[in-house]
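Visitor: Sharing a structure below in C-alpha cells format, with a few things to ask.
The values are calculated or read from the model by the stated rules, or taken from the named source; none is laboratory data. Since we're looking at a predicted model, the values are computed, not measured. Counting neighbours? That spans all protein chains shown, and the Cβs are built from the backbone with ideal geometry, glycine included. Just so you know, the surface numbers come from the protein's heavy atoms only, side chains and all, with ligands and any DNA or RNA stripped out. Shrake-Rupley method; radii C 1.70, N 1.55, O 1.52, S 1.80 Å.
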Amino acid sequence: MGKTLFSGLTVRGPSGPLVAPLRSSVVLPCSVDEPLSVEGLEVEWKRTDSETLVHLYQDGESRAEAQQQDYQDRAHFFTEEIQRGNFSLRLDNLRAEDEGRYTCNVYSQQESGETVVEIKVDDELLLVSGSSRSISASVGEDVTLNCSVDSHITLEDIEEVSWKKTDEDEDIMVLLYQDQVDLPDSSDERYRDRVEFFSDEIPKLNFSLRLKSVRTEDKGVYMCEVFAGGLSANTTVVLEELGFSVLHIMVLILCVSASGSALLLCCLIYCRSPTKGMCITEENSYQL
C-alpha cells in the first residue's frame, strides 16, 4: 500500500509460532493496548515472503475485494473487536502452503507499528484407522474390512484410496478410489464383482470395503492406503483362516442324509425286484 511506518505504536502479537492442523481455523493475534480511533485507521495483514495481501481494514470497513484470491472467504477480521484495538485475523481452512510468516501493520494518524506472526502447519495430521484385531469369516459369507480417515481434511482432498492384498510375491489390487471416483474395473480378476465401497459412507471419509462370497484363498493381510494433500497413511486388516459357515454345514448334512436315503431306497428297490426273490439280512433270510 506504500504506507510509511512511523514509530510510537506498540503492536502486540503471540509469544511464539502458532501450530495448527490442516483444514482447521487459526487466529493470528494482533492488538494494541489502548483503543484507536477508527478514523484514518488502516490495518494490513501480509505474507512476509511475498508481500501478498492477506486482508485489509480501511476507511472503517474490511476490504475483502483487496485480498489476494487464495485468501478470499478464508481470512476474516473480528470486525466488532477492531474499535477495541484488536486487529487479530482468523484464517479458515488452513492449507499446507499457508505455513510461513505474516506481518500485521497498523497505521493510525501519525503513529504506526507492526508485529509478526508465524504459522506452522501440522503435517502429521493424516491418520488412517482400521480394525484393531483380525477379522474372521466363513466361506461364502460377506465380510467388512474397516478403513477410515481421521483428520480435518475433506473428501475433495482425497487423491486416492487403494485396497491391496499384500502377498509375499506381489501386491494384488483389490479396489481403487481415485479422483473422487470408485474404479471397480481396477480390481484384480480374483476380486472382480466381489468387492465394493459403502457409497453412502464415503462422504464421511469411511472407505471400508465389503468383500462378498469369501473364498479360502482370500485369507491374508489387506492394506488400505490413503493419499491426500501430498501426505499418505495406511492401515492393515488381517483376514484369518477361514472355515465353513453354518449354511454350508447344513447343506453338507442334507447331502449326506440325502445320499443315505438314496442308498436305502436303492436297496429296497433291489430287494423287491421280481428277478431277486430273496433279501439277505444280518440275522436270517426269508422268502418274499
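Visitor: Return the carbon/sulfur percentage of the accessible area of region 1-70, one whole number, probe 1.4 Å, all protein chains in place. Provide the component values of the computation, followed by the final result.
Guide: Numbers: 1720 of 3880 Å².
In region 1-70, the share of accessible area belonging to carbon and sulfur is 44 percent.
Visitor: Simple spin-label model, 7 Å along Cα-to-Cβ: Asp182 to Ser134 in nm?
Guide: For the pair Asp182/Ser134, the computed spacing is 2.9 nm.
Visitor: Using 0.36 nm per residue of separation minus the Cα-Cα distance, give me the extension gain between Phe198 and Asn234 in nm, one decimal.
Guide: 11.1 nm
Visitor: Take the solvent-accessible surface of the protein heavy atoms, probe 1.4 Å, and return the percent of it on region 81-156 that carbon and sulfur atoms account for. Intermediate results must be reported in sequence, preceding the final value.
Guide: Values: 1360 of 3710 Å².
The value for region 81-156 is 37 percent carbon and sulfur by accessible area.
Visitor: If you take the C-alpha gyration tensor of region 55-164, multiply each eigenvalue by 5 and take the square root, what semi-axes do you get, largest first, in whole Å?
Guide: Working through the eigenvalues yields semi-axes of 48, 14, 12 Å.
Visitor: Over the Cα atoms of region 1-126, each weighted equally, I'd like the Debye log10 I(q)/I(0) at q = 0.20 Å⁻¹, rounded to two decimals.
Guide: -1.13
Visitor: Can you give the percent of C-alpha pairs in region 94-241 whose distance is more than 23 Å?
Guide: In whole percent, the share of Cα-Cα pairs in region 94-241 beyond 23 Å is 45.
Visitor: Can you compute the charge dipole magnitude of region 154-212 about its Cα centre, using +1 on each Lys and Arg Cβ and -1 on each Asp and Glu Cβ, nothing else charged? Give it in debye, rounded to the nearest 20. It would help to have the intermediate numbers written out before the result.
Guide: On the way: 8 positive and 18 negative charges, 81 e Å.
Roughly 380 debye, rounded to the nearest 20.
Visitor: Can you check what the net charge comes to around Gln83, using other residues whose Cβ is under 13 Å from the Cβ of Gln83 (Lys, Arg +1; Asp, Glu -1)?
Guide: Around Gln83, the surrounding residues sum to -4.
Visitor: Just how much of Leu231 is accessible, in Å², when a 1.4 Å probe is used and the result is rounded to the nearest 10?
Guide: About 40 Å², rounded to the nearest 10.
Visitor: Can you pull out the GluC sites (Glu not before Pro) in region 124-211 whose DSSP state is coil and whose Cβ has at most 11 other Cβ atoms within 10 Å?
Guide: Here the sparse-neighbourhood loop sites are Glu124, Glu168, Glu170, Glu189.
Visitor: Sticking with this one: Counting other Cβ atoms within 10 Å, which GluC sites (Glu not before Pro) in region 12-85 have at most 16 and lie in a DSSP loop?
Guide: Filter output for region 12-85: Glu39, Glu51.
Visitor: Roughly speaking, what is the stretch gain from Asn146 to Gln72, that is 0.36 nm per residue apart minus the C-alpha to C-alpha distance, in nm to one decimal? Could the numbers behind the result be given before it?
Guide: On the way: separation 74, 0.36 × 74 = 26.64 nm, distance 3.76 nm.
Net length gain for the segment: 22.9 nm.
Visitor: Ranking request for peptides 28-37, 85-94: highest mean number of other beta-carbon atoms within 10 Å first, then the rest in descending order.
Guide: So the order, starting with the most tightly packed, is 85-94, 28-37.
Visitor: Considering only protein heavy atoms, what per residue accessible area in square angstrom results for region 127-211 with a 1.4 angstrom probe?
Guide: 55 Å²
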